[in-house]
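Report on the following structure.
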Amino acid sequence: MSTLAVHDHGVVHHEDGHEHHHKATFLNTYVFSQDHKYIAKQFLVTGIIMAFIAMSLSILFRIQLAYPEKSFPFLTTLLGHFAPNGRISADFYMSLVTIHGTIMVFFVLTAGLSGTFANLLIPLQIGARDMASPFVNMLSYWFFLMASIVMLSSFFVQSGPASGGWTIYPPLSALPKSMPGSGMGMTLWLVSMVMFIASQLMGGINYISTVLNMRTKGMDLWKMPLTVWALFLTAVLGVLSFPVLVAGVVLLIFDRSAGTSFYLSDIVLNGSVQPYEGGSPILFQHLFWFLGHPEVYIVIMPAMGLSSEVLSVNSRKPIFGYHAMVYSLIGISVLSFIVWGHHMFVTGMNPFLGGVFMITTLIIAVPSAVKTFNWLATLWRGNIRFTPAMLFAIGMVSFFISGGLTGIFLGNAALDINLHDTYFVVAHFHLVMGSAAIFGMLAGVYHWFPKMFRRMMDERLGYLHFWLTFIGAYLVFFPMHFMGLEGVPRRYYAFTEFESMKHWLTVNVFITWSAIMAGIAQLAFAYNFIHSIFWGKKTVQNPWNSNTLEWTAPIEHHHGNWIGEIPTVYRWPYDYSKPGHDEDFIPQHIPFSQTMSSNLPHDFEDNPGGLAEHTKWTDAQKANEAVK
Amino acid sequence: MMAQIQQEDKQNLGAKKFNMWIFIFTSFLLFMGFMSGFIVYVGGRGHALQVLLPNAFIYSTIVLTLSSLTLIMAKKAAKGLQLAQQRLYLWLTLFLGIAFLALQINAWLVLIKMQVFFSNPNAARSFIYVFSGIHFLHVIAGLLVLLNTVLATYRNIPQVKNIFKIEMASIFWHFLDIMWICLYVFLLLNQN
């Protein structure tokens, strides 16, 4: 009974898991909506707000790095006792770095990216009316929002937000008295993160179940767009790795609050010997990085999927190596679980074990390179349309290459011992997962904006936004490689105080001004985004002449996506510029019987009936030619 | 049967059941996280458990296994449309679940009497509390699911829904049973 996986149950009635029928009210349409499209927008807007907050934090600490001696009275006005005498205090600097990292990694690039696009695209692109459990999906957003609020609320406690770095290594994070940020701020961080993980798990479980159970007729796995593949595998990674982070965090909470010593041993705090014995801080690092490494792929894989789609649509060419793209995503997913040790080369790890982690890490270069070459080959001789989305997708490829190359350096245990915890690492991950992922996300926003808000974004502002951000990001992060190679340590409040590093001050000034420029460029995006929601040009149903199913759904949103039957899928999503067809795209729901002139024998590999028809048709064509 | 499949299809009950399977998988991974934490801790620091686990754990294991059996009976009764029997077995399951919780608390009291505290310089011993405590929380959640299932039988819900609810509860409850046995055996194997 394969019909179990098929959902063609006719017209308007939507079921949302309750026996009684819901009436549309303001509250359940605009606030507690269970419609995946609306939840996607909620995730997106929350994600963008969090991104702007985290970006502002980075500009604050960049000011400190560029002008460690100077006093800026406006900082005191803005931050109060966190910035006495116009200078950000050392403790608060650590908080800024920590919360910037936490928000960017988790709240923007995990929830903002996956949450938005998995919600929007999974049901629409596989042809489902909604998620497996719309109610749990809604909860996922509200847990995310609560987590965001709790995280930000830590700015309003006396001792300031968590400040042990986004990796919250014990013992710093485990001892509330070790520094101001480890007090109330750390507690709020942990509470927020527990809610965040709950949100991610609820979301991820839904995404997996929806992809596996609710595809429309004809949509087998090998006909899914790469976006869905990427979002699906991302959800799998999340479901496999977040529970382990919970385990690590729970033990940390016990160490903080219940006096256990899972991670603590031999601690002397302010001259007094602490009662903890026998614990191992390395244990936390193992548990953390078992999540932490898959987490970076949770961040980048949706961006890869979105970029693949955007690159193919706007090159008017099939994606190069569709199967290879899927297999490399699977390869990256599998490998991501056996490389976590490369974050821990300097923890006194057995060099042999380090060698094993090094080999697995370097193997990831293979699927990553496959993907990169496939993107470039997709562009090759394409009929490229440089829409803003396309530019951002190309930018994503650019950052992925330039950041990925330094990953090969860092993955080597011998080199990593020199480069560990320097600005080289900062440069590496800001390019390869920071900039690349945010560019993938922006590509997605520009591309699917008409689907979400029924209007188009302004192209010229989009170009301005792209070029300033693209140039800005390189200007900010590229110089950091050189600082790192000279051994400049990351997370230092005022490293230019060291005699040997004084000469980097000018570079710091340069980076800070680049960052301010890139930050201001985001205002172009914010204006464009908000303005276009209300006053943008109205969109047509399929503005990019795209093949995937979401563009067959009506422009007006309905809970249930399609009025009437869900379209059946007959072909893969990348039939762009197929020779013999009168248009340069053939949507997935067009049967082969309507495109006889462009069909090829390999379209019928598992369909002998279709092949017979095809042969009959081509023979008839030949006969006609002969008559002429 | 056909009608039932279509009904299920309409409400995506199959997909929702799949959600539950993934959920118990995540929960399984959480316990795996703790267990691997235990292994790394014990392996790295030369600590060992060296505690004689209280007998209450044996009894609680038996009680939880029995509760799984009564739940199987309840599901059988539900499938045979024997509502009264279904209720009886569900209440029995609930009762056994509560008894399990009581026995776990008892085991902790015994451990405390043995001077094996949660806050312990040998964190291997703290792990006993972590394993059983986090499992304890899961069982409370399981009891709420069971309660929901049994209360639903007093409202007049369609049979498809009734079966769906009891199947969801069963997946979760049997998982809790199996997970506890895993944890207990794991502790027993690492006793020394």
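List of remarks:
- Qualifying residue in region A:32-51 (condition: modelled with pLDDT of 50 or more, buried (at least 20 other Cβ atoms within 10 Å of the Cβ), within 14 Å of chain B (Cβ to nearest Cβ) and farther than 30 Å from A:R491 by Cβ): yes
- Lone qualifier among A:M219, A:M202, A:M304, A:M224 - being crowded, with 22+ Cβ neighbours inside 10 Å, more than 23 Å from the chain's Cα centre (by Cα) and closer than 30 Å to A:M396 by Cα: A:M219
- For region B:172-185, the set of residues classified as over 8 Å from the mean Cα position of the chain (by Cα) and surrounded by fewer than 17 Cβ atoms within 10 Å (Cβ to Cβ) consists of B:I181, B:C182, B:V185, listed by residue number.
- Test: A:A235 is more than 7 Å from chain B (Cβ to nearest Cβ), under 20 Å from the mean Cα position of the chain (by Cα) and surrounded by fewer than 24 Cβ atoms within 10 Å (Cβ to Cβ): no
- B:I171, sole failed condition from (1) among the β-branched types (V, I, T); (2) within 23 Å of B:A15 (Cβ to Cβ); (3) more than 14 Å from chain A (Cβ to nearest Cβ): (3)
- Any hit, region A:480-498, residues being in a helix (DSSP H, G or I) and of a type in the set (K, R): no
- Selection from region A:276-291 of residues that are at the interface with chain B (Cβ under 8 Å from one of its Cβ atoms) and not aromatic (F, W, Y): A:E277, A:G278, A:G279, A:S280, A:I282, A:L283, A:H286, A:L287
- Test: B:V160 is within 14 Å of chain A (Cβ to nearest Cβ), among the β-branched types (V, I, T), touching a residue at least 40 places away in the same chain (Cβ under 8 Å) and in contact with an Asp or Glu (Cβ under 9 Å, 6 or more places away or on another chain): yes
- Any hit, region A:122-140, residues being within 30 Å of A:H558 (Cα to Cα), of a type in the set (S, T, Y), outside any loop (DSSP other than H, G, I, E, B) and within 22 Å of the chain's Cα centre (by Cα): yes
- Check on A:S272, modelled with pLDDT under 95 and within 14 Å of another protein chain (Cβ to nearest Cβ): no
- Top-ranked residue in region A:242-260 [being surrounded by fewer than 24 Cβ atoms within 10 Å (Cβ to Cβ) and outside any helix (DSSP H, G or I); ranked as farthest from the other protein chains (Cβ to nearest Cβ)]: A:A258
- Of all residues in region A:541-558, exactly one satisfies the criterion of being of a type in the set (D, E) and assigned to a loop (DSSP other than H, G, I, E, B), namely A:E556.
- Hey, B:T26 at pLDDT 85 or above and at the interface with another protein chain (Cβ under 7 Å from one of its Cβ atoms) or not: yes
- Matching entry among B:F127, B:F118 (being facing chain A (nearest Cβ under 9 Å), among the aromatic types (F, W, Y) and surrounded by fewer than 21 Cβ atoms within 10 Å (Cβ to Cβ)): B:F118
- Among residues of region B:37-51, those that are more than 8 Å from chain A (Cβ to nearest Cβ) and buried (at least 16 other Cβ atoms within 10 Å of the Cβ), counted: 4
- Restricting attention to region B:130-157 and to residues that are assigned to a loop (DSSP other than H, G, I, E, B) and within 13 Å of chain A (Cβ to nearest Cβ), the residue that is surrounded by the fewest Cβ atoms within 10 Å (Cβ to Cβ) turns out to be B:N156.
- Meets criteria (in a helix (DSSP H, G or I), at the interface with chain B (Cβ under 10 Å from one of its Cβ atoms) and either charged (D, E, K, R) or free of Cβ contacts under 8 Å to residues at least 40 places away in the same chain (or both)) for A:L212: yes
- Condition met for A:F107 (closer than 16 Å to A:M202 by Cα, without any contact (Cβ under 8 Å) to a residue 60 or more places away in the chain and either surrounded by fewer than 23 Cβ atoms within 10 Å (Cβ to Cβ) or aromatic (F, W, Y) (or both)): no
The values are calculated or read from the model by the stated rules, or taken from the named source; none is laboratory data. Note that the coordinates shown come from a computational prediction; the quantities given were computed from them, not determined experimentally. No Cβ is skipped: glycine too gets one built from the backbone with ideal geometry, and neighbour counts run over all protein chains shown.
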